[in-house]
Amino acid sequence: MELRGRSYLKDADFDTEELLGVVELAATLRREKREGRERRRLEGKHVALIFQKTSTRTRVAFEVGAHDQGAHTTYLGPGESQLGHKESVTDTARVLGRMVDGIEFRGFDQSDVEVLAAHAGVPVWNGLTDEWHPTQSLADLLTMRDHAARPLDDVSVAFVGDGAGNVCASLVTSGALAGMDVRVAAPASRQPAEAVWTAAAGLAEASGGRLTLTEEPEEAVAGADFVYTDVWVSLGEPEELWDERIDLLLPYQVNTGLLAATGNPDVKLLHCLPAFHDDHTEVGRRIRAARGLEAMEVTDDVFESPASVAFDQAENRLHTIKALMVATLAGPDAGG
């Protein structure tokens, strides 16, 4: 697995062997960290972190992962650089590429991260754009590998809810690469983009995977090993969309009834977080006051149940992002 110097801008940038190789490297690095014997493979490296959108898991994972491996980071938060404001993305890329060894970008337009990668001359990693969330899907694959305790090409996952978002796009693509049985249940207006689905179908055909798209949640989850959901209004979308999305997606809420419809007593819940499973947030309280809902995409009893592996999934953001940096900065001997 030679990934040194490579960027990771969307899930299909890696082939099946490369994608699963990063997941296996993440498991190795996680084991080393837990056993207190982590070897620093990125000594002397420096990583720039560009965040147009705020973050908890992505920022901490990149910063802690880099530090664990001996690298340093420079954080450029919203409004803290001239990127796209007084300086073009191309010029920013050419400046940073002369100063750092790798660049993470979390923002809005996929074209921005593509331009960074085209001109920086160093690996660029997509920490989230409006179209893709490939570092999330790496954590998803590691989490499913852990909890299914069998090869990913023998695992089924059903995404229920807003299928038009970046999380679903990355899950469908990475799952197809891994040869998984991936189902998506979403209303017709919030299903994955046709180009995303068509490309993923081609990947699934090559890997032996299977894709299913339906408007019926119970059909999607039948027999599934994992049920995955995400917030109904994504980061960067206007909050005015809440009423419309609630009306559209409430039938897709992950609750005890939907988990029971899997017919699998060992089914697990995946969620990329944050989750609106109660009213302990400002948004949650406003929705409860306006709509009388105590939860949205997932009910609290499911989220807090033993079925939920969302916090394992969150921790795995660290290990998989660390593996991505090690693989693309340190080269093929990184795992040894």
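The values are calculated or read from the model by the stated rules, or taken from the named source; none is laboratory data. Because the structure is predicted, anything quoted here is derived from the model rather than measured. Note that each Cβ is placed from the backbone with ideal geometry, even for glycine, and that neighbours are counted across all protein chains shown.
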Please work out which residue is farthest from residue 109 (Cα to Cα), limiting yourself to the stretch 219-236 and to residues that are of a type in the set (Asp, Glu) and surrounded by 15 or more Cβ atoms within 10 Å (Cβ to Cβ). 225
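Determine which member of the set 114, 104 is under 11 Å from residue 7 (Cβ atoms), charged (D, E, K, R), touching a helix residue (DSSP H, G or I) at 6+ places or on another chain (Cβ under 6 Å) and assigned by TED's automatic domain parsing to the domain that holds residue 47. Don't jump to the end; show me each part of the working.
Details: 114 fails: touching a helix residue (DSSP H, G or I) at 6+ places or on another chain (Cβ under 6 Å).
The match here is 104.
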Can you pull out the residues in the stretch 25-58 that are in contact (Cβ under 8 Å) with a residue 24 or more places away in the chain, of a type in the set (D, E, K, R) and assigned to a helix (DSSP H, G or I)? 30, 33, 57
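Please go through the stretch 146-181 and pick out each residue that is of a type outside the set (Gly, Ala, Ser) and either free of Cβ contacts under 8 Å to residues at least 24 places away in the same chain or farther than 21 Å from residue 128 by Cα (or both).
146, 147, 150, 151, 152, 153, 154, 155, 157, 180, 181
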Can you find a residue in the stretch 285-300 that is modelled with pLDDT of 95 or more, in contact with an Asp or Glu (Cβ under 8 Å, 6 or more places away or on another chain), surrounded by 22 or more Cβ atoms within 10 Å (Cβ to Cβ) and not acidic (Asp, Glu)? no
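Does residue 249 qualify as being touching a Phe, Trp or Tyr at 6+ places or on another chain (Cβ under 7 Å), part of a helix (DSSP H, G or I) and modelled with pLDDT of 95 or more?
Criteria met by residue 249.
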Being in a loop (DSSP other than H, G, I, E, B), of a type in the set (A, V, I, L, M, F, W, C) and closer than 25 Å to residue 27 by Cβ is the filter; apply it to the stretch 279-318 and report the residue that is nearest to the chain's Cα centre (by Cα). 309
Kindly indicate whether any position in the stretch 116-137 is surrounded by fewer than 24 Cβ atoms within 10 Å (Cβ to Cβ), modelled with pLDDT of 95 or more, under 16 Å from residue 49 (Cα atoms) and aromatic (Phe, Trp, Tyr). no
Restricting the stretch 93-111 to residues that are part of a helix (DSSP H, G or I) and small (Gly, Ala, Ser), the one surrounded by the most Cβ atoms within 10 Å (Cβ to Cβ) turns out to be 93
Consider residue 81 against the criteria (1) free of Cβ contacts under 8 Å to residues at least 40 places away in the same chain; (2) under 20 Å from residue 177 (Cβ atoms): it satisfies all of them except one. Which criterion is unmet? (2)
